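S.K.: Before I ask anything, here is the structure I am working with.
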Amino acid sequence: MGPVLRKREKHSQAKKHLYVEPLLLEVADVMATSLDLDTTLRRIAEVVRKVIDYEIFAILLLNEKTQELRFRFQVGYPPEFAERARVKVGQGVTGKAAQLRQAVLVDDVSQNAEYIPAVPNVRSELAVPLTTKNRVIGVIDLEARDPGYFTEEHKRLLTLIASRMAAGIENAQLYTRSTKQARILLLLNEISRELTSILNLDELLRRIGELLRRLIDYQMFSILLLDSAAEKLQHRFSLRFNENVHVKGEIPLGRGLVGHAAQSRQAVLVPDVSKDPRYIEGNPETHSELAVPLIYKDKVIGVIDLEHTRRGFFTEDHRRAMVTLAAQVAIAIENARLYEEIARQERRLERDLALARELQVRLLPQTLPTMEHLDLAAKFTPARAIGGDLYDFVPYSLGRLGIVIGDVSGKGAPAAIYAALVSGILRSHAPVEPAPGDMLSAINLSLAERRIEGQFVSLIYAVWDDPQRTLVVANSGLPRPVYLSDGKIQVIEATGLPLGLFDDASYDEFHFEAKPGDMFVFFSDGILDASNRSGELFGRGRAEQIIASCAGRSADCAVDSLFQAVAEHSAGVETFDDQTVVALKVRDGRPTVDRTRK
């Protein structure tokens, strides 16, 4: 080789060196200044254009799981082709470059049986693999309409660029994936917090559909819940292209994609439903589907189903995000269903209590008896919707009247039922017109025959003889009654054991010959035991003072004044016990008209 030729070769190599060096500096700048994948790919395209004046350009990235190359950036391709195309490793010129891990240059694709046509009139193609850490992550592909357009120099330069750019693309992918995952986690956390605050099931399902769109831009959405027999999935909520639709029909467990997801307890991701034998056509527009089971406490309760008209729309990232979200959705649905069940039970209980309250009211006297020498007043207020206090008036012959006031142990429905039992027993003994002590003994024996653990009743039974103006009183555990005569308070020392505890209990009787103006007042424990905010009881002293203040006034005065004073004393404190007062005022005169009880 002569001196002149060697000088020309050195000059040519120097020119290449001068050209490549700034190119590599620009490549290094791309890698150093951008971690956004879209920006990185766009800048790679700009760098390549400075070397090769292309018309058709693409960067395809490899899905390692499926071993498919997918378009991630392109110039000159039909958008629908780039969006749907999947190139298997080893298929076509780009797939061959990925498989061989080396650049493939084709001068005339019409002579190449492996060429995959995408753009009309293409004649030449150059594909260079993107390799980093001995792994192929994608391919840079260029096509031209002229045969032999790309040269060995193009191939060498593009290989050089690709070798430098692969690491930058991988870093950008990792950064994009990490950033995306962080955004998804934040979004999932936000969605979960909102969903757990919604306790109405219909509202919850609607809101799930709305919030889920922030995560995945689906077109069709359904939530199906497993029936009580755990055999069929029932459509509970569905959206079709943002419209709420009612979908009829049930899907047996194990049938279709949603049935398979529920049975297998695994998410089912189908890129093309037409190729999956499990698919049952429900929407002709559907091409891809993602079904995720809802599992609560290791039990499948339903399925979230997403559909799209585009093949391959749902990705592994979508599947992972939905599996994470489904756990929170299942909890929210179960909470809402539990809340609705409690609400139904509460409504049913309220109806039952309302009926029980009505029945209890009907068991009490609807009107107060009228007698020539006696003015009566009575009032009962339960601590809850229904209570265990009772009072009644039992007509005897010869102008006599049985008067009863009682307090059953406990409160609420059990006490009310026991009070009804006691009232029935009392009425069953009334026809023989027993004296007060005998009536208490008879009720005690009857309750002993029907003994209920922990249940008993305290009763005062009195018999008023209107012509004789006499009162006979017996007590089985209620607070001692008050006798007001000539403006002075006298406590009737009648005591006794509650009924239903001891079979052989006996009860003393106290006799009174009353005169006009005298007053007898009976009350239950709820009056004396009412407490204020400081825990101070209303007490007998206050009760006796109020009764004394009604001297010379009606029986209503004693009843109304006691209830008003108790209410004022215990204002702001929940009523703990049922409250009942019965007052008898002796008078000299004609009876008044019938009065409804309080």
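S.K.: All other residues with a Cβ under 10 Å from the Cβ of Ser274 taken together, and with Lys, Arg as +1 and Asp, Glu as -1, what is their net charge?
M.R.: So the surrounding residues net to -1.
S.K.: Just order 477-487, 567-577 by mean Cβ neighbour count inside 10 Å, highest at the front, would you?
M.R.: 477-487, 567-577
S.K.: Given charges of +1 on the Cβ of Lys and Arg and -1 on the Cβ of Asp and Glu, with all other atoms neutral, how large is the dipole of the chain about its Cα centre, in debye to the nearest 20?
M.R.: With Lys and Arg at +1 and Asp and Glu at -1, about 3480 debye.
S.K.: In addition: What shape does region 66-165 have by the C-alpha gyration tensor, where a ≥ b ≥ c are the square roots of the eigenvalues, rounded means a/c under 1.5, and otherwise prolate means a/b greater than b/c and oblate the rest?
M.R.: Oblate is the answer for region 66-165, as a/c is 1.5 or above yet b/c matches or exceeds a/b.
S.K.: Another one. Return the sequence-ordered ³J(HN,Hα) values of region 248-259 in whole Hz as given by the Karplus equation 6.51 cos²θ - 1.76 cosθ + 1.60 applied to θ = phi - 60°, using x for Gly and Pro.
M.R.: 8, x, 10, 10, x, 4, x, 9, x, 5, 5, x
S.K.: How high is the relative contact order of region 196-340, given as a whole-number percent (alpha carbon pairs under 8 Å, six or more residues apart)?
M.R.: 26
S.K.: Continuing with this model, one more query. Sequence gap at least 6, Cα distance under 8 Å: using those rules, report the relative contact order of the chain to the nearest whole percent.
M.R.: Relative contact order for the chain comes out at 9 percent.
S.K.: Using R₀ = 22 Å, calculate the FRET efficiency as 1/(1 + (r/R₀)^6) where r is the Cβ-Cβ separation of Leu174 and Arg84; round to 0.05.
M.R.: 0.25
S.K.: Is the C-alpha gyration tensor of region 364-596 telling us rounded, prolate or oblate? Criteria: a/c under 1.5 is rounded; beyond that, a/b larger than b/c is prolate, otherwise oblate.
M.R.: Oblate, because a/c is 1.5 or more while a/b does not exceed b/c.
S.K.: In addition: Along the positive direction of the dipole of region 364-596 (beta-carbon charges: Lys, Arg +1; Asp, Glu -1; about the Cα centre), which of His569, Tyr391, Asn475 reaches farthest?
M.R.: His569
S.K.: Follow-up question, since we're still on this one. Considering only Pro277, Met220, Ala267, whose Cα is most displaced toward the positive end of the charge dipole of region 181-297, charges sitting on Cβ of Lys, Arg (+1) and Asp, Glu (-1)?
M.R.: The one lying farthest along the dipole's positive direction is Ala267.
S.K.: Additional query: Quote the relative contact order of region 74-180 in percent (integer), defining contacts as alpha-carbon pairs under 8 Å separated by 6+ residues.
M.R.: 22
S.K.: If you fit an axis through the alpha-carbon atoms of helix 316-363 and take the longest principal axis of the Cα set of the chain, what angle between them do you get, 0 to 90°, nearest 10?
M.R.: 10
S.K.: Continuing with this model, one more query. Based on the Cβ-Cβ distance of Ile342 and Leu445, what FRET efficiency does E = 1/(1 + (r/R0)^6) give at R0 = 60 Å, to the nearest 0.05?
M.R.: Approximately 0.90, to the nearest 0.05.
S.K.: I would also like to ask the following. Considering only Cα-Cα distances, which of the following residue pairs are longer than 20 Å: Lys88/Lys275; Lys411/Lys585; Lys96/Lys155; Lys65/Lys96; Lys515/Lys585; Lys65/Lys88?
M.R.: Long pairs (Cα-Cα over 20 Å): Lys411/Lys585.
S.K.: What's the local net charge at Ala494, with K and R +1, D and E -1, over the other residues with C-beta under 12 Å away?
M.R.: -2
S.K.: State the extension gain, in nm to one decimal, for the chain segment bounded by Lys248 and Arg320, taking 0.36 nm per residue of separation less the distance between their alpha-carbons.
M.R.: Answer, rounded to one decimal: 23.0 nm.
S.K.: Please list the non-local residues whose amide H lies under 5 Å from the amide H of Asp518, H modeled 1.01 Å from N, same-chain partners needing a gap of 5 or more.
M.R.: So Asp518 has HN proximity to Val586.
S.K.: Summing +1 for each Lys or Arg and -1 for each Asp or Glu, what net charge is found among the other residues whose Cβ lies under 14 Å from the Cβ of Ala330?
M.R.: So the surrounding residues net to +3.
S.K.: Quick check: from the Cα gyration tensor, does the chain come out rounded (a/c under 1.5), prolate or oblate?
M.R.: It comes out prolate by the Cα gyration axes.
S.K.: Further question: In degrees between 0 and 90, to the nearest 10, how far off the longest principal axis of the chain does helix 3-33 point, with axes built from Cα atoms?
M.R.: Orientation of helix 3-33: about 10 degrees from the principal axis.
No value in this document is a laboratory result; all are computed from the given coordinates. Everything quoted here is computed from the prediction, not taken from an experiment. Reconstructed Cβ throughout: ideal geometry from the backbone, glycine too, with neighbour counts over all protein chains shown.
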